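As structure tokens, the structure follows; a few thoughts come after it.
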Amino acid sequence: MEKRDARLFQHNKQSWNVVELEVLESRRHLHQKVNELIRLANTSLLSTNEIRHHLLLGVEAFGSRFTMQLVRSLHRDDPDERQSIVWLLTVLNDRDAISPLQHMSHNEQLPRLVRLSASLALAGMGATKEMVEDQRRRLYAIG
């Protein structure tokens, strides 16, 4: 009986429609691309311009889903990977990431290190309250 019950939860790829398979493959490709960039940022000697080029290719291929996957990737245990993700988000500087990063940085249910990483990414993007206020003060001083 246990074997029969387990079969109810197994998916047979033959019964999936083409759209479901394409979505699954697209998600898998997105995750692979993001993981590849994190690995490159963490271990390679690529220049910032080369990394930026790879990031822009990811955005071109996946749109805002690419940025959102980078943001979600902050939920990693490895501090070096989180640091690489913060750097990637800073280099990408995509405004679509600001709101989710702000929510993460204020969500006390998330681990402290994840909240800190989200805050660091925001600071790197110049999107913290202090950075915005400081820019306004400079504009007034010049004017």
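The values are calculated or read from the model by the stated rules, or taken from the named source; none is laboratory data. Note that this is a predicted model, so its numbers are computed, not measured. Because the Cβ atoms are built from the backbone with ideal geometry, glycine has one as well, and the counts that use them run over all protein chains shown. Each accessible area value is taken on the protein alone, full model and side chains, heavy atoms only, with ligands, DNA and RNA left out. Shrake-Rupley method; radii C 1.70, N 1.55, O 1.52, S 1.80 Å.
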Worksheet item: Looking at Leu120, is it more than 19 Å from Phe62 (Cβ to Cβ), crowded, with 17+ Cβ neighbours inside 10 Å and at pLDDT 80 or above?
Response: yes
Practice prompt. May I ask you to verify whether Leu74 is open to solvent by less than 30 Å² (accessible area, probe 1.4 Å), at pLDDT 90 or above, out of contact with any Cys (no Cβ under 6 Å at 6 or more places or on another chain) and assigned to a loop (DSSP other than H, G, I, E, B)?
Written response: yes
Fill in: Which numbered condition Ser105 fails, given (1) assigned to a helix (DSSP H, G or I); (2) open to solvent by 50 Å² or more (accessible area, probe 1.4 Å); (3) farther than 29 Å from Val23 by Cβ
(2)
Practice prompt. For Gln69, state whether it is within 25 Å of Ala127 (Cα to Cα), of a type in the set (S, T, N, Q), modelled with pLDDT of 95 or more and open to solvent by 30 Å² or more (accessible area, probe 1.4 Å).
Written response: no
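When the range 40-76 is examined, which residues are found to be among the aliphatic types (A, V, I, L, M) and within 15 Å of the chain's Cα centre (by Cα)?
Those that are among the aliphatic types (A, V, I, L, M) and within 15 Å of the chain's Cα centre (by Cα): Leu40, Ala41, Ile51, Leu55, Leu56, Leu57, Val59, Ala61, Met68, Leu70, Val71, Leu74.
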Worksheet, complete the sentence: Scanning the range 108-127 residue by residue, those part of a helix (DSSP H, G or I) and either free of Cβ contacts under 8 Å to residues at least 40 places away in the same chain or over 22 Å from His54 (Cα atoms) (or both) turn out to be Arg112, Leu113, Val114, Arg115, Leu116, Ser119, Leu120, Leu122, Ala123, Gly124
Worksheet entry | Output for the range 107-117, where each listed residue is of a type outside the set (Lys, Arg) and under 15 Å from Asp78 (Cα atoms) | Pro111, Leu113, Val114, Leu116, Ser117
Response to the item:
If you go through Arg82, Arg52, the only one that is modelled with pLDDT of 95 or more, open to solvent by 50 Å² or more (accessible area, probe 1.4 Å), farther than 16 Å from Ser26 by Cβ and out of contact with any Pro (no Cβ under 8 Å at 6 or more places or on another chain) is Arg52
